Amino acid sequence: MIRKVLLSLLLLAVVMVGGGYLYLRSSLPQTEGRLVLRGPKAELRIERDRDGVPTIVAEDDEDAAFGLGFAHAQDRLLQMELQRRYGAGRLAELFGADAVATDRQMRVLGLYHMAEAEIRYLSPALNRALLAYAAGVNAFLATRGGALPPEFLLLRATPETWQPADTLVWGKLMGLQLGGNYRGELLRARLARTISPADLAVLYPGYPEDAPTTLSQLRPLYRALALDRLYAALPAAVGPIYASNNWVVDGAHSQSGKPLLANDPHLGFGAPGFWYLARLVTPQHDIAGGTVAGTPLVVVGHNERIAWGMTTTGADIEDLFIEKIDPADPGRYLTPQGSEPFASRHEQIAVRGAPPVDITIRETRHGPVLSDVLPPETAEPGYVLALAATFNVADDRSPEAIWQIDRAQDWPGFRAALETFVGPPQNIVYADVDGTIAFIAPGHFPIRGKGDGWLPVPGWTGEYDWTGFIPFEALPSAANPPSGHLVSANNKIVPKSYPYFISRDWDLPNRAERVEALLAETPRQTPETSAAIQADTVSLMAARLIPLMTRIEPRDEAARTAVERLRHWGFRMDRDKAEPLLFTAWLREFSRTILFGRFGEAVRDYWDLRPAAMEAVLTRHPDWCGEAPAGAAACEAPLEAALETALAQLRASEGADIAQWRWGHAHVAVFPSPVLGRLPLLRDLFGIAIPKSGGYDTVDRGATTIQDEQHPFEERFGAGLRMITDLALPQQSRMIIAPGQSGNALSRHFSDLLQRWRDFAWLVPGRSAAVATLTLVPER
């Protein structure tokens with residue numbers, strides 16, 4: 001009897017688990033058959049290939065947008081929901097009190113309000129497309145027959161209907177992420193409170209010449225502001241991490257005789273990834289490339305005649321202004337014309353499982369008051385910080401620009417489309433079937449009355465105010481250069497003679513220099529040789545630092561062995577080698593030793609590998625190493641101590657035998673899920689990670705997270721999309737994304753592209769045979 005009861009209970013449990021699994025499986029999209037629904041003007045098809053890449057075949061752009069909205073919602077619904085909630089400051093409705101700080105920041109920035117206001121400045125054609133895209137998303141929500149993706153069940157949430165502003169807020173979020181140099185301003189202001197101008201010039205090689213004078217005037221103000229708390233309140237996504245590459249060669253330098261263009265934009269990893277491959281086919285156009293779930297735009301890609309790729313410019317498009325509160329009235333602040341009232345609004349943040357949070361948001365003539373991200377009792381009296389940013393521009397028509405370049409047919413049309421692009425500024429390479437290659441860095445670049453936005457400045461004098469933007473005709477641009485190629489890799493893109501200020505926040509020139517060298521080695525490029533360039537792992541940083549670091553003669557045998565291995569290393573950051581791990585761990589500890597030894601906890605958020613600063617210490621500033629022997633010998637003791645510390649750490653994590661160490665064991669590309677990754681069991685079950693080559697400055701960039709003591713060498717940011725287009729056959733453009741097309745953890749397309757991405761394999765969006773076709777039929 002007991003056995004029968006136990007068997008019955010076991011059978012019931014199996015049925016319940018199996019039933020639950022089958023129910024969750026019903027969240028996978030319908031990819032075949034016919035659906036009659038409201039929205040499209042004519043019949044359209046969503047043809048999916050074996051990799052889950054859709055081709056949308058429609059009669060016009062609006063129906064193509066409808067079909068893409070439907071496909072995005074099928075594959076990336078949770079990603080779209082979280083993205084719009086992040087932009088609107090509504091994550092706490094799902095995640096509770098843990099998300100209030102992020103919501104407060106986003107409410108202060110007002111991105112969603114700006115997205116709503118943007119609609120009236122867009123063309124009728126784009127507004128129709130936005131409405132059609134939203135209708136496609138909403139048609140899926142109205143007709144889906146099964147469960148929502150599993151995360152919605154865990155969150156006990158149901159998506160709301162999609163609105164055009166939900167699409168447009170994505171552009172504002174990109175402006176915040178890729179143009180978020182106000183994080184750098186806050187960090188430098190924090191450092192400037194205690195670190196001398198001479199030392200700051202070592203920490204920041206591009207240190208402004210007038211900074212010492214500026215600092216002497218502003219240091220008392222920085223000490224009066226709640227800079228530490230403001231910095232801690234920043235969302236993690238604010239501020240760029242440089243890593244993207246693009247280049248284009250003309251037909252004289254390609255084997256096909258037509259231009260060849262390559263691009264690998266780098267952004268934060270996640271599951272799902274940032275990019276979604278798609279092809280849009282209408283009688284007028286054939287557009288393919290990287291789309292973003294939530295928008296009807298192909299951001300990088302090609303059409304039947306042209307191709308384009310982007311890297312972020314790193315432009316200084318945000319400034320922090322210190323506003324002085326009117327001593328006679330805390331509701332007002334001082335301006336060159338006298339006292340003016342803050343513009344203010346009141347909002348309420350709904351919080352799951354807790355009372356709502358009321359927030360008062362103020363704005364000055366420069367922009368939103370960042371100090372309002374802090375609870376009122378934590379802000380310092382007397383002053384507030386306001387943010388001026390180009391994503392605050394009222395008539396931002398950047399989506400219009402991308403919509404138009406998707407459909408451009410030549411360089412004049414492509415360039416003209418970018419006149420409406422506000423930002424974030426991008427380095428765009430271009431090629432077409434007629435043989436033209438070109439480069440342009442479009443966007444709004446502020447012209448300042450004084451200063452360059454490197455540090456927060458007084459807002460009450462007016463002398464640092466923006467006076468306009470660089471004219472479009474004067475933006476960095478080139479077409480058909482004598483060299484036959486154009487390259488950008490977040491490096492400095494203008495010469496000293498350029499009459500306008502763009503930025504000081506350029507990345508190291510190493511990747512651009514390496515691409516230039518590899519292009520020179522193969523004067524006639526093919527897709528295969530460009531793929532090899534994208535996969536290159538040579539570290540110029542290591543080539544410069546290793547000779548300086550290995551001048552020591554360690555007393556410890558293990559340290560001597562490590563030094564000897566590095567002396568004979570070829571500087572390739574390959575995952576099957578020990579030397580990349582040795583080098584990175586040693587540089588990490590040397591940087592920690594030098595920076596914290598000299599400045600203490602003040603540099604906690606500055607600390608990184610910092611190769612330029614460490615090279616300066618080892619060559620021009622050995623006094624930073626201590627008061628031991630003068631000259632370069634002064635750094636021998638801290639170098640040896642850092643090496644011994646690094647070796648001890650590696651023995652603990654990798655084992656005693658240095659010959660068995662591998663970079664790929666520690667350097668793992670990780671793609672976290674925003675919901676499943678919060679739950680230990682599900683995080684382990686659905687975790688996506690893969691050992692990877694690359695390093696801090698390689699073309700195959702593999703930036704590490706050295707401030708994470710548990711996982712200092714993980715890669716969490718990289719080339720989520722790669723593309724190579726030979727304009728001899730643009731329709732055969734090679735692309736790959738990671739980890740997969742689907743955001744549903746139960747889908748076979750959740751991470752099926754991961755190994756191909758790591759190994760530089762490719763697919764051709766929309767050109768493989770369709771394995772499933774879903775026809776959408778308009779309701780009559």
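Things worth noting here:
- Accessible surface of region 505-633 [probe 1.4 Å, protein heavy atoms]: carbon and sulfur percent: 49 percent
- Taking the Cα centre of the chain as origin and assigning +1 to Lys and Arg Cβ atoms and -1 to Asp and Glu Cβ atoms, the resulting dipole is close to 1560 debye.
- Cα-projected label distance for Q284 with S26, points at 7 Å along beta-carbon direction, nm: 4.1 nm
- Of the whole protein surface, D657 contributes about 80 Å² of accessible area at a 1.4 Å probe radius.
- Note on the chain: dipole from Cβ charges, positive end direction compared against A233, A192, F70; the farthest Cα belongs to F70.
- Region 49-107 - accessible surface per residue (Å², probe 1.4 Å): 22 Å²
- Available extension along the chain between A761 and R551 is 71.6 nm, counting 0.36 nm per residue and deducting the alpha carbon span.
- Between region 368-422 and region 16-83, the alpha-carbon center distance in angstrom: 31 Å
- Pairs of lysines in the chain (C-alpha under 26 Å apart; 8 or more residues apart or interchain): 5
- With N the number of residues in region 638-680, Rg(Cα) / (2.2 N^0.38 Å) evaluates to 1.66.
- A 1.4 Å probe run over the protein chains yields, for region 674-731, 39 Å² of accessible area per residue, whole-number rounding.
- For region 510-560, diffusion coefficient by Stokes-Einstein and Kirkwood Rh (Cα), 20 °C, 1.002 mPa s, µm²/s: 161 µm²/s
- Each 5 Å bin, from zero up to the one with the longest distance, holds this percent of the alpha carbon pairs of region 66-111: 5, 24, 23, 17, 13, 12, 6, 1.
- Cα-only Debye scattering, region 472-559: base-10 log of I(q)/I(0) at q = 0.12, 0.24, 0.26 Å⁻¹: -0.58, -1.27, -1.35
- The smallest convex shape that holds all Cα atoms of region 191-344, its convex hull, gives 259 Å³ per residue.
- Surface per residue (accessible, 1.4 Å probe) for region 540-662, Å²: 44 Å²
- In this label model, A147 and Y231 are separated by 4.5 nm, measuring between points 7 Å along each Cα→Cβ vector.
- Listed values (1) 94, 53, 51; (2) 84, 79, 70; (3) 89, 66, 55, entry calculated as Cα extents along the principal axes in Å: (2)
- The charge dipole of region 297-357, taken about its Cα centre with unit charges on the Cβ atoms of Lys, Arg (+1), Asp and Glu (-1) only, comes to about 280 debye.
- Helix screen, the chain: DSSP H segments with Cα axial length of 24 Å or more and mean Kyte-Doolittle hydropathy at least 1.0 are 2-25.
- Across the accessible surface of region 222-370, with the other protein chains kept in place and a 1.4 Å probe, carbon and sulfur atoms take up 53 percent.
- Computed E for A641/S477 - FRET, C-beta separation, R0 60 angstrom, nearest 0.05: 0.75
- Pair T161, A97: separation of 7 Å Cα→Cβ label points (nm): 3.6 nm
- Extension gain, D199 to D657, is 160.9 nm, computed as 0.36 nm per intervening residue step minus the present C-alpha separation.
- Neighbours of R407, meaning other residues whose beta-carbon lies under 11 angstrom from its beta-carbon, give a summed charge of -3 when Lys and Arg score +1 and Asp and Glu score -1.
- Rh (Kirkwood; distinct C-alpha pairs) - region 406-530, Å: 16.8 Å
- Projecting the Cα atoms of P680, L280, T584 onto the charge dipole of the chain (Cβ charges, centred on the Cα centre) puts P680 farthest toward the positive pole.
- Potential extension, T775-S344 segment - 0.36 nm per residue separation minus Cα distance: 150.2 nm
- Computed from the Cβ-Cβ distance with R0 of 56 Å, the FRET efficiency linking Q731 to Q217 stands at 0.40.
The values are calculated or read from the model by the stated rules, or taken from the named source; none is laboratory data. The structure displayed is predicted, hence computed values, not measured ones. A quick note on method: Cβ atoms are made from the backbone with ideal geometry, for glycine too, and the neighbour counts reach across all protein chains shown. Surface accessibility is based on the protein's heavy atoms, side chains included, excluding ligands, DNA and RNA. Shrake-Rupley method; radii C 1.70, N 1.55, O 1.52, S 1.80 Å.
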